[in-house]
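Enquirer: Starting off with a structure, shown below.
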């Protein structure tokens, strides 16, 4: 796969939209991150499970939009990402082309090729732009790290939740999600 030609200045959203459609990239602080290879089946199954739970939960606020990758979230000219799952409750942030600004909730299902970036660069990015809730899903070990934005603008310490426990979201009417349903991998 061809690599994006590096340039002296930071990459921008204007550069990003000119790159080939068959390639997936993210920009963090103007640096381009390749999103390949494609996620594993277990990763996609977890994304699907969470999407169904959030989209169909009876307590779900109907004004909140639930989206899955690939869907661009544009924080700034130099920060464009495609979270695995996102929830946006402010309809003004939703455009025909992308999400403009911080989602209320971002969920990243960790893959071997992107785990470090999700845990470090993206966590910092989401914190800086005010994402209210950030969840990292560990598909192999079957647990999650749940971060909630504090009043001081930091995520603080993560709540660690195991596969036999229940996640309670801070947004969307505090929906409770049994993690057994998230990690259901009955296709294997």
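The values are calculated or read from the model by the stated rules, or taken from the named source; none is laboratory data. Quick caveat, the model's predicted, so the values are computed rather than measured. Counting neighbours? That spans all protein chains shown, and the Cβs are built from the backbone with ideal geometry, glycine included.
Enquirer: Give 117, 122 a once-over and let me know the one that is within 18 Å of residue 13 (Cβ to Cβ) and part of a helix (DSSP H, G or I). Please lay out each step first, then the result.
Expert: Details: 117 fails: within 18 Å of residue 13 (Cβ to Cβ).
Result of the check over 117, 122: 122.
Enquirer: Quick test for you: out of 127, 121, 133, pick the one residue that is farther than 19 Å from residue 27 by Cα and at pLDDT 95 or above.
Expert: On the way: 127 fails: farther than 19 Å from residue 27 by Cα; 121 fails: farther than 19 Å from residue 27 by Cα.
One residue alone meets the criteria, 133.
Enquirer: Listed residues 46, 53; which is more than 15 Å from the chain's Cα centre (by Cα) and assigned to a helix (DSSP H, G or I)?
Expert: Numbers: 46 fails: more than 15 Å from the chain's Cα centre (by Cα).
One residue alone meets the criteria, 53.
Enquirer: Which condition does residue 150 not pass, out of (1) out of contact with any strand residue (DSSP E or B) (no Cβ under 9 Å at 6 or more places or on another chain); (2) under 27 Å from residue 29 (Cβ atoms); (3) outside any loop (DSSP other than H, G, I, E, B), if it passes all the others?
Expert: (3)
Enquirer: Could you tell me whether residue 158 is in contact with a strand residue (DSSP E or B) (Cβ under 6 Å, 6 or more places away or on another chain), farther than 27 Å from residue 35 by Cα and touching a residue at least 12 places away in the same chain (Cβ under 8 Å)? Even if it seems obvious, please write down each step before you answer.
Expert: On the way: in contact with a strand residue (DSSP E or B) (Cβ under 6 Å, 6 or more places away or on another chain): yes; farther than 27 Å from residue 35 by Cα: no; touching a residue at least 12 places away in the same chain (Cβ under 8 Å): yes.
In short, no.
Enquirer: I would also like to ask the following. Could you list, in sequence order, the residues of region 20-46 that are out of contact with any helix residue (DSSP H, G or I) (no Cβ under 6 Å at 6 or more places or on another chain) and farther than 18 Å from residue 115 by Cβ?
Expert: Once the filter is applied, which keeps residues that are out of contact with any helix residue (DSSP H, G or I) (no Cβ under 6 Å at 6 or more places or on another chain) and farther than 18 Å from residue 115 by Cβ, region 20-46 yields 20, 21, 22, 23, 29, 30, 32.
Enquirer: Something else now. Being outside any helix (DSSP H, G or I), farther than 30 Å from residue 173 by Cα and touching a helix residue (DSSP H, G or I) at 6+ places or on another chain (Cβ under 6 Å), is that true of even one residue in region 66-79? Quick ask: steps written out before the conclusion?
Expert: Of the residues in region 66-79, the ones outside any helix (DSSP H, G or I) are 66-79.
Narrowing the set further to residues that are farther than 30 Å from residue 173 by Cα leaves 77-78.
Adding the requirement that they be touching a helix residue (DSSP H, G or I) at 6+ places or on another chain (Cβ under 6 Å) leaves 77.
Yes, some residue in region 66-79 is outside any helix (DSSP H, G or I), farther than 30 Å from residue 173 by Cα and touching a helix residue (DSSP H, G or I) at 6+ places or on another chain (Cβ under 6 Å).
Each row is one residue, and each column tells you yes or no for (1) farther than 23 Å from residue 172 by Cα; (2) surrounded by 14 or more Cβ atoms within 10 Å (Cβ to Cβ).
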residue	(1), (2)
104	no, yes
109	no, yes
119	yes, yes
122	no, yes
128	no, yes
136	no, yes
140	yes, no
148	no, yes
